[in-house]
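Worksheet for the structure shown next.
The values are calculated or read from the model by the stated rules, or taken from the named source; none is laboratory data. Just so you know, these numbers come straight off a predicted model, no measurement behind them. Because the Cβ atoms are built from the backbone with ideal geometry, glycine has one as well, and the counts that use them run over all protein chains shown. Heavy atoms of the whole protein, side chains included, go into the accessibility calculation; ligands, DNA and RNA do not. Shrake-Rupley method; radii C 1.70, N 1.55, O 1.52, S 1.80 Å.
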Amino acid sequence: FSSFSSFSSFSSFFSVNHLPFNSSMPLIFPTFALKGARRATQRRHDLADRRAQHQAFVKDVLSTWDEGRSGNLTFAEVSKWLSAVSNGKVPTDDEVKWVICMANRKQTTDFENVAIEPNAFQRALEAWMSYNECKSEIETVFDKFDSDKSGGLDREQLRNLLTELNGGEAPNSQEVDFVLMHADVIGNGVVTKPELAKAVSVWYVHVEKMQAEAVKSNGMCGSGVCGVQ
């Protein structure tokens, strides 16, 4: 106990903090303190290891794909990087735009000048790999509703998708706009393939919320509250 010069000072610590203490009490507190210190030390080591791994990851990405040596990854460089981690399959422009927006956590329209900074590399890779894991399922659903094969679901095509998800009951215009607003990460006014999962997720969350509100409203009516002026 380097913080205490003697046993008497350790005793004084307990007295000052209004804790009962006598010489016959087992020193349980120091045992807990030691275990806590060990856990804290392990957490610091784990954090240092993760930081070192992240730094190595960033260094590798920059040294391999930062052809302009700008310290960031441009649109073209991101495209090449994503292609390399996808066994050479070149991503579409919409897919690259989506990854950039997901990595930077903001919408942009100036993709010629936008770049991904090193602190967003991990988010970019995680978004891309997650999308690739379910891409075949996404394409199956997307192709069914992309009737004009434009690569993006417009409002009417999105309405058709939501209608099927809703058991044949069409959503109203406000609901379609709500889903489109939240799912259109790229900001081009349609739902592209990488945005489809977000659109479906937003819709189901909306439906659950509406169902919960309906149950609450019915409960109030059942208790006699409904219709009371």
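Just to be sure before I move on: is GLY189 surrounded by fewer than 17 Cβ atoms within 10 Å (Cβ to Cβ) and modelled with pLDDT under 95 in the structure I sent? No; evaluated as a whole, the condition is false for this residue.
Taking (1) more than 19 Å from ALA197 (Cβ to Cβ); (2) outside any loop (DSSP other than H, G, I, E, B) in turn, VAL99 satisfies each apart from (1).
Report whether or not GLU133 is free of Cβ contacts under 8 Å to residues at least 12 places away in the same chain and either under 23 Å from the mean Cα position of the chain (by Cα) or more than 20 Å from PHE178 (Cα to Cα) (or both).
Numbers: free of Cβ contacts under 8 Å to residues at least 12 places away in the same chain: yes; either under 23 Å from the mean Cα position of the chain (by Cα) or more than 20 Å from PHE178 (Cα to Cα) (or both): yes.
Yes; evaluated as a whole, the condition is true for this residue.
Taken over the stretch 54-80, the criterion of being over 22 Å from GLY151 (Cβ atoms) and surrounded by 14 or more Cβ atoms within 10 Å (Cβ to Cβ) is satisfied by HIS54, PHE57, VAL58, VAL61, LEU62, TRP65, ASP66, ASN72, LEU73, THR74, GLU77. Of the residues making up the stretch 57-87, those that are part of a loop (DSSP other than H, G, I, E, B) and closer than 25 Å to GLY152 by Cβ are VAL85, SER86.
One residue stands out in the stretch 145-163 among those that are assigned to a helix (DSSP H, G or I) and free of Cβ contacts under 8 Å to residues at least 12 places away in the same chain: the one that is farthest from LYS193 (Cα to Cα), namely THR163. Every listed requirement among (1) out of contact with any helix residue (DSSP H, G or I) (no Cβ under 6 Å at 6 or more places or on another chain); (2) modelled with pLDDT of 90 or more; (3) open to solvent by 50 Å² or more (accessible area, probe 1.4 Å) is met by HIS182 save one, (1). Within the span defined as the stretch 153-165, one or more residues are modelled with pLDDT of 95 or more and either closer than 18 Å to MET102 by Cα or touching a Gly at 6+ places or on another chain (Cβ under 9 Å) (or both).
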